[in-house]
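Below: one structure, written as structure tokens.
The values are calculated or read from the model by the stated rules, or taken from the named source; none is laboratory data. Since this is a predicted model, take the numbers as computed values, not measurements. All Cβ positions, glycine included, derive from the backbone under ideal geometry; neighbour counts span all protein chains shown. Just so you know, the surface numbers come from the protein's heavy atoms only, side chains and all, with ligands and any DNA or RNA stripped out. Shrake-Rupley method; radii C 1.70, N 1.55, O 1.52, S 1.80 Å.
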Amino acid sequence: MPASAPDPHRARLRIGAPLAALALALGFLLALGDDYALRLLALSGLVATTALGYQLVFGHAGAISLFQGAAFGLGAYASALIARALTSELLLTIPAAMLTAGFAALLIAPALRRLGAHAFALATLAGAEILRLVAVNWESVTGGANGVAGIPPATLVGVELPRGLALALLAWGLFALAVFGVRWFTRGPFALGLALMREAPLAAEASGIDAPRRRLALFVLSAAIGGAAGALHPFTLGTVSPEVMEIGLLITALVVTVIGGSRRPAGAVLAALLIVHLPEWLRGFEEFYLILFGALLLATVLFAPEGLVDALEERLPFRRRVPALPAATQATVALQPADRGPLLEIEGIEKRFGGVTALAGVTLALAPGEILGIIGPNGSGKTTLLNIVGGQARADAGSLRFLGRDISRLPPHRRAQAGIARSFQTPPVVPGLSALDSVAAVAPGFGTQALQEARSRGLALLEFLDLAARAQEPMTALSPGQARLVDLARALMLRPRLLLLDEPAAGLADAERAELGTALRRLADQGTALIVVEHDVEFLIPLADRLACLEAGRLIALGPPAAVRGNPAVQAAYFGAAAA
Ligand code: ADP
Ligand code: MG
């Protein structure tokens, strides 16, 4: 290993939480007895909470929503109107504000399913703008441009909370509660699956992850948290005006998320304290204030692109030991019970890309536990065939049945859930994940307990592929051949009935290749059917039960491996071409 490579058994020291606690304690100490300072402190708590919610959609789901400011505003109006008309009991106003903001997000959410990333950003912005116009123009309810005034002080379980210290404590208490609440979503296999979704969407889908649904859940949750923060806002000022619906708060949430780090709660604390207080500290610079502010922002983006907390931890001289791995769960490689009858029936599949015919009528069937090898020159349609079975591409004609059921219209994640897994010719590499976590990302479940289970099962699969020694290393440290094996382990995590492998042996050394062959044979013996696309015929011949050869989208031979290799048409199309 080169000297510059990080020691895989050492990781960054995580100092976010103590750092944030320290900054906050200092903030309270300095603000005591000063009403204005306490109000700023309360406001920064609300900004931090809003940004924490925004981290879910922006940082974790990887979707650019421009709705977070409106969610805060909706929460503020809902809470203010209830407080004036009914009660200022926070146990009522906060949930009501969360429901209002979450419901509004749910109304916009169908756009998430249908629209691409940029269109989604615009749709959320349009939704926010409509809400602002409603706030300005629906005078009988919102008070129009004047807003809602005369809001009584907040009460918590009947106890009246004065402004000042109580409200500042409450704002940061809400933040702490929100941190505790989102942990469920930001730890465990679910969160790893989100990383896969952001960095390798094809692999995520092929692993049974319903990305639109996860994005939707996080979008609604982020809005609800923004609404909760908004619910406290009317009590800090005693009024609410359409200003809360303007773009300023959205920009603040965005800036806090970028500066603090898009997935770090501690970053939200530090950046919210900074953003809210900076105008005060820089007040002496008067008209240069905005220039200075802009320069600071730019410097952060340039020198700490992952945010302040990550940048700081990265530069610390200390490292901590990576905790030891849990024991591998045994017998995890055992797969689905064998089914009777054909597993997969491909009939008359055709696929064209513009003028190119990638597949011109392919028909074949596969039995449980069978290994079908596919060879053919480059561009003959091998990957396209796997894509059509896996759902990454749709056929123009022909039918596709799996366990007797037509699957040609199912999206990839549904096919994966039905038992079809695949590996990719170019294996997905998620920069922040270890080899083991790239595998565990596919498991269902939330929280650390589920994570332990996913990891021990993942470790058993890496052991099975003789990669356990590298389990804790970042994916970026693996060779392409090893990354491909990790991708195979990811696919096996689904306990598939049918496994589609695209050139799994490419980039492997001879010994690794032999071991891969043994592992694949063992899988088939346990009942998994395999379609293995591979250039190396010497690898396929002892492994495959049958061999197929594609040429220009046609199946020119199908049968026992030795016979297919000897077939004159195959010799001319493939071996002749290979020799040329
Ligand atoms: P193989 O895996 O056998 O090398 P492919 O299935 O990747 O071949 O490709 C078959 C043919 O279809 C090639 O001519 C390729 O250029 C074309 N093709 C594959 N995918 C696409 C695509 N997404 N868009 C356009 N052409 C494609
Ligand atoms: Mg290919």
Exercise for the section: Could you go through the range 121-131 in sequence order and give the Karplus-derived ³J(HN,Hα) for each residue, using 6.51 cos²θ - 1.76 cosθ + 1.60 with θ = phi - 60°, rounded to whole Hz, and x for Gly and Pro? Expected result: 4, 5, 4, 5, 5, 4, x, 5, 5, 4, 5
Handout entry: residue 103 accessible area, assembled protein chains, probe 1.4 Å, Å²
Key = 120
Exercise for the section: Determine the order of 356, 564 by accessible area, beginning with the largest, at a probe radius of 1.4 Å. Expected result: 356, 564
Problem - the range 326-485, accessible area per residue, ligands and nucleic acids excluded (1.4 Å, Å²) - result: 40
Problem - Under 9 Å, Cβ to Cβ, from residue 394 - net charge with Lys/Arg +1 and Asp/Glu -1 - result: +1
Completion exercise
Given unit charges at Cβ for Lys, Arg (+) and Asp, Glu (-), the dipole magnitude of the chain about its Cα centre in debye, nearest 20, is 780
Fill in the blank from the handout: Rounded to the nearest 10, the angle in degrees between the Cα long axis of helix 35-54 and the longest principal axis of the Cα atoms of the chain comes to 20
Handout entry: Angle in degrees between helix 16-31 and the longest Cα principal axis of the chain, rounded to the nearest 10
Key = 10
Handout entry: Computed over the chain: relative contact order in percent, which uses C-alpha pairs under 8 Å that are six or more apart
Key = 18
Handout entry: the range 85-216, relative contact order in percent, only Cα pairs under 8 angstrom and at least six apart counted
Key = 25
Handout entry: Per-pair calculated FRET efficiency, R0 = 30 Å: residue 363 and residue 495 via Cβ, rounded to 0.05
Key = 0.60
Practice task
Report the extension gain between residue 536 and residue 552 in nm, rounded to one decimal, defined as 0.36 nm multiplied by the number of residues separating them, less their alpha carbon distance.
Solution key: 3.9 nm
Handout entry: Computed log₁₀ I(q)/I(0) - Debye formula, equal Cα scatterers, no solvent, the range 415-564, q 0.18, 0.20, 0.21 Å⁻¹
Key = -1.07, -1.28, -1.39
Exercise for the section: Would you mind classifying the range 208-333 by shape? Square roots of the alpha carbon gyration tensor eigenvalues, ordered a ≥ b ≥ c; an a/c under 1.5 is rounded, otherwise it is prolate if a/b is larger than b/c and oblate if not. Expected result: oblate
Fill in the blank from the handout: Using a 1.4 Å probe on heavy atoms of the protein chains only, the accessible area for residue 161 in Å², nearest 10, reads 30
Handout entry: residue 287-residue 29 FRET efficiency (beta carbon distance; Förster radius 45 Å; 0.05 resolution)
Key = 0.90
Problem - Cleavage-rule hits, chymotrypsin sites (Phe, Trp or Tyr not before Pro), the range 282-318, DSSP coil, Cβ neighbours within 10 Å at most 16 - result: 318
Practice task
Report, largest value first, the span of the C-alpha coordinates of the chain along each principal axis, in whole Å.
Solution key: 90, 55, 45
Practice task
Would you tell me the accessible area of residue 545, worked out with a 1.4 angstrom probe on the heavy atoms of the protein chains, in Å² to the nearest 10?
Solution key: 70
Exercise for the section: Return the percentage of antiparallel bridges among DSSP beta bridges fully within the chain, rounded to the nearest 5 %. Expected result: 60
Completion exercise
For the range 369-430 the trypsin sites (Lys or Arg not before Pro) that pass both the DSSP coil test and the at-most-10 other-Cβ-within-10 Å test are 409
Completion exercise
Quick note, the range 1-132: a/c under 1.5 would make it rounded; otherwise a/b > b/c is prolate and the rest oblate (a ≥ b ≥ c, C-alpha gyration tensor); here it is oblate
Exercise for the section: With an 8 Å cut-off on Cα pairs and a minimum separation of 6 or more residues, tell me the relative contact order of the range 474-580 in percent. Expected result: 18
Completion exercise
Rounded to the nearest whole number, the Stokes-Einstein translational diffusion coefficient of the range 398-447 at 37 °C and 0.692 mPa s (Kirkwood radius, C-alpha pairs) in µm²/s is 246
Problem - Debye, to nearest 20: dipole size of the range 20-179, +1 on Lys, Arg Cβ, -1 on Asp, Glu Cβ - result: 380
Handout entry: Using alpha-carbon coordinates, inclination of helix 68-85 to the longest axis of the chain, degrees
Key = 40
Handout entry: Reference-scaled alpha-carbon Rg (2.2 N^0.38 Å with N residues) for the range 142-207
Key = 1.91
